[in-house]
Structures are given as C-alpha cells and as structure tokens.
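Shown next, in structure tokens, is the structure this report addresses.
Quick note: the coordinates plus some simple rules give every number you see, no bench work behind them. Everything quoted here is computed from the prediction, not taken from an experiment. FYI the Cβ positions are ideal-geometry reconstructions off the backbone, even for glycines, and counts take in every protein chain you see.
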Amino acid sequence: MKGKRTKIKLVTPQATLEFGELLGKYLTAGDCVALIGDLGTGKTQLAKGLARGLGVPGEYYITSPTYTIINEYPGRIPLYHFDLYRLGESSDLEDLGYEEYFDGRGVTVIEWAEKITHLLPENRMEIHLRRLKRDVRGLEVIGFGDHYEEILDEIARVSK
Ligand code: ADP
Ligand code: MG
C-alpha cells in the first residue's frame with residue numbers, strides 16, 4: 001500500500017511532545033501508531049505526547065516498560081503502549097493476544113514496530129524517527145488507509 005507521507009522536523013523534546021499531543025487528539029478507538037527508530041530517537045517522548053492527546057491523566061507517567069511488553073493507560077480513549085525492544089520471537093506477542101488490542105477499544109502505540117511488520121494492521125500511522133542533531137529529530141509520518149490520510153490532511157491544515 002502506498003500511503004500519504006509527510007516529513008516533520010522537531011527541534012526540541014517539547015516540540016515532539018506537542019506533535020504527539022496534536023496527533024493524539026485526532027486518533028479514535030481501534031487506531032494503531034507504529035513507531036520505528038533507534039534508541040533515543042524520541043519514541044517514548046512521542047508516546048507521552050500521544051497520551052496527552054488521548055486524555056490520559058497527567059498523574060500517569062509514561063515510560064518504556066522494562067520487562068513488560070505492554071502498559072495500559074486510561075484516557076478519553078485507552079492507550080495501549082507496546083515496547084517491543086526486548087521481544088524475542090514475534091510468537092511471544094501472539095501469546096499475549098496482541099490482536100485484541102489492534103481492533104479493540106483503545107489506541108495502540110508500538111515502539112520498535114519494525115520487529116512485527118508482518119503482524120501490523122494494514123491501516124495504520126507509521127512514524128519513522130531519526131536523530132539529526134543532539135536535540136533535533138526528523139520524522140517521516142506515513143498514513144496508510146483513508147482514515148490516517150485524513151488525519152494527516154487535518155494536521156497539515158491546523159499546523160499552517
Ligand atoms: P526512545 O523511546 O526512541 O528510545 P526516548 O523518547 O526515550 O527515545 O528518548 C529520547 C531522548 O532524546 C530524551 O532524553 C529526550 O529528551 C531527547 N531529545 C532531544 N531532542 C529531542 C527531540 N527533538 N524529540 C524527542 N526527544 C528528544
Ligand atoms: Mg522508548
């Protein structure tokens with residue numbers, strides 16, 4: 001599938017948080033955001049912003065789960081935050097019943113999503129993160145499917 005692509009430069013951690021918050025506001029139940037990028041590129045920072053946009057109360061501290069693969073947070077829409085850094089075999093994820101999360105009642109955000117490319121829903125927002133300078137991150141955001149393309153159009157419109 002082709003997908004609609006946008007490139008964004010985020011020059012501070014705060015900018016990444018705000019971009020995540022903006023995107024989070026447009027997400028709806030059952031949505032999937034796949035985050036792809038090396039350690040320290042800002043995936044968790046972006047997930048924190050998404051949590052804000054989804055209305056997760058501020059007292060919840062979003063971290064990369066160390067030994068758990070998934071953390072759930074309540075919000076306007078629940079957030080299911082996966083971190084697959086320590087995932088061995090993708091069959092481990094099948095044991096977790098991950099599919100129920102994807103078309104569930106919440107929004108699924110997946111760090112290290114490239115480890116399970118074959119398991120990702122066809123329709124999704126895919127975000128590739130790169131470290132350009134110490135505090136500068138380059139994002140390529142790809143919306144696969146009409147719903148996600150519309151979100152990108154809307155974000156472009158309000159960001160003008
Ligand atoms: P990851 O989850 O990809 O390993 P984190 O979000 O945990 O990355 O860490 C990113 C680190 O980079 C944080 O310490 C953050 O403060 C720092 N950082 C610096 N500039 C940025 C930026 N523009 N966007 C996001 N994080 C940034
Ligand atoms: Mg992380």
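Tabulated data for the structure shown
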item: Relative contact order of the chain, pairs being alpha-carbon contacts under 8 Å that are 6 or more residues apart, as %; result: 34 percent
item: Qualifying GluC sites (Glu not before Pro) in segment 31-92, DSSP loop, other Cβ atoms within 10 Å at most 10; result: E59, E89
item: In sequence order, calculated HN-Hα J values of segment 119-130 (Karplus, 6.51, -1.76, 1.60; Hz; x Gly/Pro); result: 9, 5, x, 4, 8, 6, 9, 10, 10, 9, 10, 9
item: Loop sites in segment 5-62: chymotrypsin sites (Phe, Trp or Tyr not before Pro), DSSP, at most 11 other Cβ within 10 Å; result: Y61
item: Cα centroid separation, segment 31-62 to segment 137-160 (Å); result: 17 Å
item: Shape of segment 2-72, Cα gyration tensor, a/c cut at 1.5; result: rounded
item: By average C-beta atoms within 10 angstrom, highest first, the peptides 42-49, 6-13; result: 42-49, 6-13
item: Pairs from K48/K115; K9/K133; K2/K25; K2/K133 whose Cα-Cα separation, in the structure shown, is over 18 Å; result: K48/K115; K2/K25; K2/K133
item: Unit Cα scatterers, Debye sum, segment 82-160: log10 I(q)/I(0) for q = 0.15 Å⁻¹; result: -0.67
item: Segment 57-160 - share of DSSP beta bridges that are antiparallel (%, nearest 5); result: 70 percent
item: Protection proxy ranking of 94-104, 138-148 - average other beta-carbon atoms within 10 Å, highest first; result: 138-148, 94-104
item: Cα coordinate range in the chain, projected on the principal axes (Å, largest first); result: 44, 34, 31
